[in-house]
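Trainee: Below is one structure. I have some questions about it.
Bear in mind these aren't lab numbers, they're just calculated from the coordinates by the rules spelled out. Quantities reported herein were computed from a predicted structural model and do not represent experimental measurements. Here the Cβ positions follow ideal geometry from the backbone for every residue, glycine too, while neighbour counts run over all protein chains shown.
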Amino acid sequence: MAVVSGVPVEAGLEQIAPAKPWHAVAIDLTRRYPLGTGGAVIVVVMIVLAVFADVLSPYDPEENAFEFMLTPPGYQFWMGTDQFGRDILTRLVYGARTALFVGFSCAFIGAFTGLVLGVASAYFGGRFDLIFQRVMDVFMAFPLIIMALAVVSIFGTGTQNVIIAITIPFIPRCARVVRSSALAIREIPYVDAARACGFSDARIILRHMVPNVMAPFLIMISAFVGQAILLEASLSYLGLGVQEPTPAWGLMLQGGAEEYAESAPWVAIWPGIAISLAVFGFNLFGDALRDALDPKLRSQ
Amino acid sequence: MPPLLEIDNLYTQFFTSAGTVRAVDGISYVVEEGETVAIVGESGCGKSVSALSILRLIPDPPGRIVEGSIRFMGRELLQLSDEEIRHVRGREIAMVFQEPMTSLNPVLTIGRQLTETLTHHLDMDDDAARARALELLDLVGISDPDRRLGQYPHHLSGGMRQRVMIAMALCCEPKLIIADEPTTALDVTIQAQILELMKELTRNMGVALIIITHNLGVVARYADRVNVMYAGKIIERGTALDIYHSPAHPYTLALLRSVPRMDQPRKEKLDPVEGQPPDLTTLDEGCPFRPRCRYVVDRCAEENPLLEPVSEGHLSACWEKDRLRGPLKEAS
């Protein structure tokens with residue numbers, strides 16, 4: 001096949017700005033979203049602490065040491081010890097591991113399931129969409145914590161069941177948001193063009209539509225991580241989540257709050273701060289992410 | 001030998017809360033191998049729906065092909081399974097859409113979109129698909145194809161995107177390309193380039209082309225045969241020459257009159273087609289064009305005329321078709 005003659009080739013290749021080095025982008029973002037950067041720092045510190053928990057801390061998080069029971073914060077135990085003599089800082093650091101593991105598992109499993117279901121619902125439309133959305137409505141009708149409580153009471157406690165309990169209510173929330181974006185995308189001709197190319201429904205959903213709803217999806221994920229951490233702490237506090245002796249912030253709060261609020265307040269204060277800070281960090285990060293990914297806000 | 005594509009008595013309807021929209025109302029036409037067939041008509045007359053029906057891309061619900069047959073290379077497309085029709089789409093019949101700005105996926109590179117069809121339909125490996133994609137971009141006249149493959153649609157101008165769309169349509173060497181108003185969103189000089197390109201490529205490669213347009217200028221230059229549609233029906237068919245020189249339907253005549261002409265005085269007023277196209281939910285027995293027709297007779301309200309020959313290969317659906325032929329007379 002020869003090059004078609006007589007067809008003038010459009011002249012002038014537009015210049016494409018060279019990609020900025022990553023650190024320049026990072027500095028730029030820091031300047032524009034100082035709060036979001038703060039959130040990101042909290043998130044990163046938390047991740048580092050969780051990953052290197054056993055390197056950073058000299059103490060065992062689970063072994064009782066009755067000779068140090070309820071030691072106030074000091075040189076040896078920076079944040080004091082709890083009623084079993086365990087170092088609170090150590091338990092907080094290991095607790096970050098639990099919190100992040102539960103937070104990320106729930107957020108990712110819940111959001112990805114919701115993503116695929118939401119896009120599929122928008123893509124197929126019609127009766128499938130109608131029925132599917134009503135089922136999601138039923139799930140949404142339960143407040144998050146009630147739903148999680150119901151699931152835990154059916155499956156029992158333990159980390160794995162806590163993850164299931166928190167993931168299930170996330171699915172309809174993500175599916176709903178993603179569906180509304182996907183509905184708009186469904187009407188753009190490239191979806192029809194993909195169908196006209198003979199691609200299967202699954203391929204169109206996963207490779208052509210899903211990448212186009214990434215912006216709302218990423219924001220959902222970052223918000224979900226914070227929510228999941230809070231939910232896990234709530235469930236653990238209520239005794240329905242992670243069980244002793246596994247270090248978990250909600251559990252530490254519960255153990256400290258009831259008996260030692262007056263005599264040894266540090267037992268409850270530190271895990272409380274940790275929970276607040278983690279949720280605060282993820283929310284700030286999510287907010288900044290939303291602004292950064294929203295082209296309408298970006299141009300201002 | 002049977003024709004490449006044979007559409008027979010096709011009815012496509014949309015079932016909406018406002019009633020049944022008879023978007024395509026019993027059309028029949030034939031496309032021979034390597035031929036360019038135009039479908040002309042104003043917005044909402046069923047042109048695009050008739051084209052989408054061929055590939056069974058009508059959104060269902062609310063739309064459905066109610067009746068008729070579409071035979072492509074001897075196969076009945078309406079009876080293929082979903083899996084089988086997917087192998088026809090893009091592989092044997094390709095489509096070029098109206099809006100090059102939105103017909104390419106903004107988050108995938110040009111290369112990905114071109115090679116996906118190749119790896120999907122022809123089982124090419126990535127290297128072969130890439131080589132073929134380069135060849136195709138070169139063929140449709142895109143400079144620096146190597147770099148273009150890594151770019152996203154927003155890096156390209158409208159004309160270039162439409163070239164990419166054409167390259168995508170050509171990539172599996174289909175037998176038939178359906179171009180749904182391929183130049184509507186482009187400016188006039190680019191329109192001409194794109195049409196030249198399509199004409200030349202389809203001729204060189206022996207691909208048949210169905211070109212859907214409301215631009216009569218396009219028809220005159222590029223189509224072997226023309227079908228004029230109105231209210232879901234084909235109301236006149238003939239060669240481009242027939243349609244231009246001796247239109248045998250008042251609608252075609254009105255369309256031709258409404259085109260501004262270079263050889264008329266500049267102060268001459270445009271002569272638009274009066275009125276609005278009919279509501280496709282409430283068609284009656286009579287000819288749907290009669291409220292806007294200057295040649296209307298009593299019979300028009302009672303019976304809808306069938307497509308009947310006025311001369312060899314030239315058909316018209318009008319009771320007064322013989323009166324229209326010959327030198328154009330102005331009705332009072």
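Trainee: Assuming a viscosity of 0.692 mPa s and a temperature of 37 °C, what translational diffusion coefficient in µm² per second does Stokes-Einstein assign to chain A, Rh being the Kirkwood radius over Cα pairs?
Mentor: The calculation lands on 149 µm²/s.
Trainee: What are the ³J(HN,Hα) couplings of region A:163-173, residue after residue, when phi is run through the Karplus curve with 6.51, -1.76, 1.60 and θ = phi - 60°? Round to Hz, x for glycine and proline.
Mentor: 4, 4, 4, 7, 5, 4, x, 6, 4, x, 5
Trainee: Can I ask one more? Report, by chain and number, residues whose modeled amide H sits under 5 Å from the one on B:G90, excluding near sequence neighbours (fewer than 5 apart, same chain).
Mentor: B:M95
Trainee: Consider a paramagnetic label point 7 Å from the Cα of A:L70 along Cα→Cβ; state which residues of region A:252-277 have an amide N under 15 Å from it.
Mentor: Counting only backbone N, you get A:255-269.
Trainee: First select every other residue whose beta carbon is under 13 angstrom from the beta carbon of B:V30; then total the charges, Lys and Arg +1, Asp and Glu -1.
Mentor: Computed value for this residue: -3.
Trainee: Evaluate Rg over Rh across region B:56-204, taking Cα atoms for both radii and Kirkwood's formula for Rh.
Mentor: Using Cα coordinates only, the ratio equals 0.98.
Trainee: Here's a follow-up. Calculate one ³J(HN,Hα) per residue across region B:9-24 by plugging θ = phi - 60° into the Karplus curve 6.51 cos²θ - 1.76 cosθ + 1.60, and present them in order as whole Hz with x for glycine and proline.
Mentor: Values per residue, Gly and Pro as x: 6, 7, 10, 10, 10, 10, 9, 10, 5, 7, x, 7, 8, 8, 5, 10 Hz.
Trainee: Go ahead and set up a Gaussian network model of chain A, Cα springs under 10 Å, then flag whichever of A:V177, A:V25, A:V225 fluctuates most.
Mentor: Of A:V177, A:V25, A:V225, the Gaussian network model singles out A:V25 as fluctuating most.
Trainee: With everything on Cα atoms, drop me the angle between helix A:126-141 and the longest principal axis of chain A, reported from 0 to 90° to the nearest 10.
Mentor: So the inclination is approximately 20 degrees.
Trainee: Placing one identical point scatterer on every Cα of chain B and ignoring solvent, what is log10 I(q)/I(0) from the Debye formula at q = 0.08, 0.09 Å⁻¹?
Mentor: Relative scattering, expressed as log10 I(q)/I(0), comes to -0.40, -0.51.
Trainee: Whole-Hz ³J(HN,Hα) for each residue in region B:79-85, computed from phi via Karplus 6.51 cos²θ - 1.76 cosθ + 1.60 with θ = phi - 60°, x for glycine and proline: what do you get?
Mentor: 9, 6, 6, 4, 4, 5, 5
Trainee: A further question follows. Using Stokes-Einstein with the Kirkwood hydrodynamic radius over Cα pairs, what translational diffusion coefficient do you get for region A:38-190 at 37 °C and a viscosity of 0.692 mPa s, in µm²/s rounded to a whole number?
Mentor: D = 178 µm²/s.
Trainee: Just list whichever of B:K175/B:K199; B:K47/B:K199; B:K47/B:K233 have alpha carbons separated by over 18 Å in the model shown.
Mentor: B:K47/B:K199
Trainee: In addition: Please give the residues of region B:258-280, grouped as numeric ranges, whose backbone N is less than 17 Å from a label point set 7 Å along the Cα-to-Cβ vector of B:E42.
Mentor: B:258-260, B:270-280
Trainee: What whole number of Å gives the distance from the Cα centroid of region A:46-80 to the Cα centroid of region A:105-148?
Mentor: Value for the Cα centre distance between the two parts: 41 Å.
Trainee: Follow-up. Work out which helices of chain B, taken as complete DSSP H runs, extend at least 15 Å along their axis over the Cα atoms and score a mean Kyte-Doolittle of 0.0 or more, then list them.
Mentor: Answer set is B:158-170, B:188-205.
Trainee: Let me ask another. Return the Rg/Rh ratio of region B:240-324 with Cα-based radii and a Kirkwood Rh.
Mentor: Result: Rg/Rh = 1.00.
Trainee: Per DSSP H run of n ≥ 4, the term is -39500 (n - 2.57); total these for chain B, divide by its residue number, and report the mean residue ellipticity at 222 nm rounded to 500 deg cm²/dmol.
Mentor: Using -39500 (n - 2.57) per qualifying helix, the result is -9000 deg cm²/dmol.
Trainee: Further question: Between B:D127 and A:S276, what is the FRET efficiency for a Förster distance of 56 Å, r being their Cβ-Cβ separation, to the nearest 0.05?
Mentor: Approximately 0.55, to the nearest 0.05.
Trainee: In terms of modelled amide H atoms, which long-range or inter-chain residues lie less than 5 Å from the amide H of B:Y230?
Mentor: HN-HN under 5 Å from B:Y230: B:I235.
Trainee: Something else about it: Please state the charge dipole magnitude for the protein assembly as shown, taken about the Cα centre, from unit charges on C-beta atoms (+1 on K and R, -1 on D and E), reported in debye and rounded to the nearest 20.
Mentor: 1240
Trainee: For region B:1-117, treating each Cα as an identical point scatterer without solvent, what Debye log10 I(q)/I(0) comes out at q = 0.15, 0.19 1/Å?
Mentor: With one equal scatterer per Cα and no solvent, log10 I(q)/I(0) is -0.78, -1.16.
Trainee: Follow-up. Separation of region B:131-190 and region B:57-82 by C-alpha centroid, Å?
Mentor: Their Cα centres are 28 Å away from one another.
Trainee: Share of antiparallel DSSP beta bridges in the protein assembly as shown, in percent to the nearest 5?
Mentor: Within the protein assembly as shown, antiparallel bridges account for around 65 percent of the total.
Trainee: While we're here: Using only the alpha-carbon atoms, how far is helix A:22-32 inclined from the longest principal axis of chain A? Give it as 0 to 90 degrees, nearest 10.
Mentor: 70
Trainee: Another one. Using only the alpha-carbon atoms of the protein assembly as shown as identical scatterers, what base-10 log of I(q)/I(0) does the Debye formula give at q = 0.07, 0.11 Å⁻¹?
Mentor: -0.62, -1.08
Trainee: 222 nm [θ] for chain A, helices only, -39500 (n - 2.57) per DSSP H run of 4+, per residue, to 500?
Mentor: Using -39500 (n - 2.57) per qualifying helix, the result is -22500 deg cm²/dmol.
Trainee: While we're looking at this one, here's another question. Relative to the first principal axis of the alpha-carbon coordinates of chain A, what is the inclination of helix A:249-260, with its axis defined by its Cα atoms, in degrees from 0 to 90 and to the nearest 10?
Mentor: Once rounded, the angle reads 30 degrees.
Trainee: Could you give the distance between the Cα centres of region B:296-318 and region B:202-229, to the whole Å?
Mentor: Measuring centre to centre over Cα atoms gives 24 Å.
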